[in-house]
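To keep things clear, I will list the structure first and then write my remarks on it.
The values are calculated or read from the model by the stated rules, or taken from the named source; none is laboratory data. It should be emphasised that the depicted structure is a prediction, and the values quoted were computed from it without experimental measurement. Cβ atoms come from the backbone with ideal geometry, glycine included; neighbour counts cover every protein chain shown. Remember, those area values only see protein heavy atoms, side chains included, never the ligands or the DNA or RNA. Shrake-Rupley method; radii C 1.70, N 1.55, O 1.52, S 1.80 Å.
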Amino acid sequence: MIKDVSFGQYISKNSLIHKLDPRLKLFLLIAYIIFIFLASNAYSLLFITAATFFILFLSKISLKTYFKNIRMIIPIIIFTSLLNALYSGGGTLLFSYGFIKIYTSGIYRACFMTVRIISLILISSVLSYTTTPTDLTDAIESLLSPLKYLGLKNAVHTMAMMMTIALRFIPALIEETDKIMSSQKARGASMESGGLIKRIKALLPILIPLLISSIRRSYELAEAMESRCYNGAEGRVRMKEMHFINKDYFSFAFSIVVFSVTIILNILF
Amino acid sequence: MATLQFGKGIILKKSNNTINNSNNNCNNNCNNCNNNGKSTKENNSQNIIEIKNVSFYYNETEGLPAVDNVSLNIKRGEFLAVLGHNGSGKSTLAKLLNGLLVPDSGEVLVNGLSTKDESQSINIKKTVGMVFQNPDNQIIASIVEEDVAFGPENLGFTPKESRERVESALKAVNMWEFRNKAPHKLSGGQKQRVAIAGVLAMQPECIVFDESTAMLDPKGRKEVMDTLLNLNKNNNITIILITHFMEEAARAKKIAVMNNGKISAAGTPKNIFSDYKLITDTGLALPQPTELLHTLKEKGINVDVSAVNTTDCIEVLSKLLLKEKEA
Ligand SMILES: Nc1ncnc2c1ncn2[C@@H]1O[C@H](COP(=O)(O)OP(=O)(O)OP(=O)(O)O)[C@@H](O)[C@H]1O
Ligand SMILES: [Mg+2]
């Protein structure tokens, strides 16, 4: 049942965005997030949001899929909008009921925040929909690689290897949890009934076997890795080469233009 | 290397039986007169692995050795099966072969290099590959081709070379079309073939399979057996197959039987399986065809019990039945 979780949300499509170098994507994502926060007036925000939608369009993934991610954060959007609507006084009073007073500027702030949050979610989804978890790990490793000049080469490598292995074993562990749960249920354990304490207690017979089996797994995995000449970062050369190609330069240039226009709009209005 | 024990308590309480009939070094009749004259390896000695009086203790202070004064030579291009009941020391022996474990006494030589020599550790591991029992616990990356690349990457090959090795390894195990799949979406047999490819990509001269078919269904088992037979025959890779399936062992050129950490017998499958007493004393079973013939013989029917596979058995039986018909 839960075996088939697509950890990460990668959706395979043949698009420009999919083919971009993952390092560049990760870097640009961070930049977009920063500039979305920097957009301080309606014009610049709307502009960078439009750019975001253009990127969504380029990724060939349907808007519906993107908006699935938004659905999950609707409560957050409502909450922030309410706070903003209630707490900014300015402009004309639109509505008042007892101590609740809503001004035009409040409405404006609420809309502004909503658009900002939505753009943030959308642009982040682009990365997770168009990049495989493995590519992402590689990108993180290579973006952190300057740390090796601080003598942290092994730390960066180890972290990346841990992420790779974690990604690999998540499905296996989910499957295993499933199995252990079934076998504990077959022994008469009940997991769905009882109060909180009772339920937490019911988790123990699942967690302990899971922990033990994970330790055994890691022991076996370590032997397998050692047998395949694993020796840490020492002498290791990745098969997958990452280079920038025209698409990457183009996307980089496009993003620079977007960022500059955002800043100019900020200044002009 | 740290050792760790997890509920490996299934040690058969077989009394120490006295089978000293066979010598430990098995330079006997099972010569592999391989018609492979094209061995261009720098080391031309005919033994790829030499095990010399090796003992290994998991627990130095007390207890019996897991491997007890074992000597064995493994020839280049050989297909050796290792049999033995649970806890007889097969896996321990396997791990001694590529330096995952280092002998407490005696030594293991791989292409003449001792596994005790730390500086040769990578060299030895690259020569003697290992495929373990659980395919899930030996696949490291979440994409097949990246997993297969793990070995070559560690050995520092250029991306281009790694890519070529990955391609030929995946093709050798017939998994090339699955190169972009996630391992957890493959069947057991397919996963195990990926694991084999991962070892092959290091271009080893010898591969040790430690019960690599134990968790597979008959189909997966066949896939893996076919793969390893093919590697032995066409790529001249030395195969050491640890197994509990007698039918698999019967396909080897030579069998070594382990009992309480010792090699209690070694010889061709025919030799080993015709020794009924040895087989039962070491807690093993015969391949079904051989079992059948032995039972017939016990019943007083005069049959040749040396057949170890179905084809030979059918041969023997049909001869017998025809004779009966004529009489
Ligand atoms: N990591 C360990 N720590 C301590 N003792 C161990 C360890 N691994 C194996 N042993 C012990 O060493 C002996 C040989 O074990 P080994 O795993 O080599 O047997 P085996 O022939 O491979 O058995 P099986 O058929 O169950 O795989 C057993 O008595 C076992 O309990
Ligand atoms: Mg074993």
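General observations
- Comparison of B:Ile242, B:Ile196 shows that the only residue that is within 16 Å of ligand 1 (Cβ to nearest atom) and either touching a Leu at 6+ places or on another chain (Cβ under 8 Å) or touching a residue at least 60 places away in the same chain (Cβ under 8 Å) (or both) is B:Ile242.
- Filtering the range B:203-213 for residues that are within 16 Å of ligand 2 (Cβ to nearest atom), of a type outside the set (D, E, K, R) and under 29 Å from A:Pro133 (Cβ atoms) leaves a non-empty set.
- Whichever residue in the range B:171-185 is within 14 Å of chain A (Cβ to nearest Cβ) and part of a loop (DSSP other than H, G, I, E, B) and, among such residues, is nearest to B:Ala149 (Cα to Cα): B:Arg179
- Summed over the range B:97-120, residues that are surrounded by 14 or more Cβ atoms within 10 Å (Cβ to Cβ) and within 14 Å of chain A (Cβ to nearest Cβ) total 9.
- Checklist (1) surrounded by 21 or more Cβ atoms within 10 Å (Cβ to Cβ); (2) in contact (Cβ under 8 Å) with a residue 60 or more places away in the chain applied to B:Val305, failing item: (2)
- The residue of the range B:273-300 that is farthest from B:His244 (Cα to Cα), among those that are open to solvent by 70 Å² or more (accessible area, probe 1.4 Å) and of a type outside the set (Asp, Glu), is B:Lys299.
- Residue within the range B:208-225 that is touching a Pro at 6+ places or on another chain (Cβ under 6 Å), within 16 Å of ligand 1 (Cβ to nearest atom) and more than 7 Å from chain A (Cβ to nearest Cβ) present: no
- Residue pairs meeting the criteria (Cβ under 6 Å; at least 6 apart or on separate chains; first part of a helix (DSSP H, G or I), in the range B:82-106; second open to solvent by 20 Å² or more (accessible area, probe 1.4 Å) and within 15 Å of ligand 2 (Cβ to nearest atom)): B:Thr92/B:Ala66
- Some residue of the range B:158-165 being without any contact (Cβ under 8 Å) to a residue 60 or more places away in the chain, under 26 Å from B:Asn230 (Cβ atoms) and either within 7 Å of chain A (Cβ to nearest Cβ) or in contact with a His (Cβ under 7 Å, 6 or more places away or on another chain) (or both): yes
Okay, residues lined up against (1) within 16 Å of ligand 2 (Cβ to nearest atom); (2) open to solvent by less than 10 Å² (accessible area, probe 1.4 Å); (3) farther than 20 Å from B:Val110 by Cβ; (4) within 12 Å of the chain's Cα centre (by Cα):
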residue	(1), (2), (3), (4)
B:Glu223	no, no, yes, no
B:Thr227	no, no, yes, no
B:Lys233	no, no, yes, no
B:Ile240	yes, yes, no, yes
B:Ala249	yes, yes, yes, yes
B:Lys254	no, yes, no, yes
B:Asn260	yes, no, yes, no
B:Asn271	no, no, yes, no
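- The range A:235-247, subset more than 23 Å from B:Ile124 (Cα to Cα) and within 8 Å of another protein chain (Cβ to nearest Cβ), residue least open to solvent (accessible area, probe 1.4 Å): A:Lys240
- Matching entry among B:Asp68, B:Asp147, B:Asp104 (being of a type in the set (D, E, K, R) and either within 16 Å of B:Leu200 (Cβ to Cβ) or touching a Leu at 6+ places or on another chain (Cβ under 9 Å) (or both)): B:Asp147
- Scanning the range B:58-98 for residues that are among the polar types (S, T, N, Q) and away from ligand 2 (no atom under 16 Å from the Cβ), we see that the one that is farthest from B:Ala214 (Cα to Cα) is B:Thr61.
- Inclusion of B:Glu153 among residues that are over 28 Å from B:Ser264 (Cβ atoms), open to solvent by 30 Å² or more (accessible area, probe 1.4 Å) and more than 16 Å from ligand 1 (Cβ to nearest atom) is not warranted.
- Qualifying positions in the range B:29-77 - modelled with pLDDT of 55 or more, open to solvent by 60 Å² or more (accessible area, probe 1.4 Å) and among the hydrophobic types (A, V, I, L, M, F, W, C): B:Leu64
- Every residue from the range B:156-186 that is open to solvent by 50 Å² or more (accessible area, probe 1.4 Å) and either of a type in the set (S, T, N, Q) or touching a Cys at 6+ places or on another chain (Cβ under 8 Å) (or both): B:Thr158, B:Ser168, B:Asn174, B:Asn180
- Residues satisfying the stated conditions in the range A:197-234, i.e. within 14 Å of another protein chain (Cβ to nearest Cβ), at pLDDT below 85 and either open to solvent by 30 Å² or more (accessible area, probe 1.4 Å) or under 20 Å from B:Ser212 (Cα atoms) (or both): A:Glu234
- Filter result (open to solvent by less than 20 Å² (accessible area, probe 1.4 Å) and among the hydroxyl-bearing types (Ser, Thr, Tyr)) within the range A:248-263: A:Ser251, A:Ser255, A:Thr262
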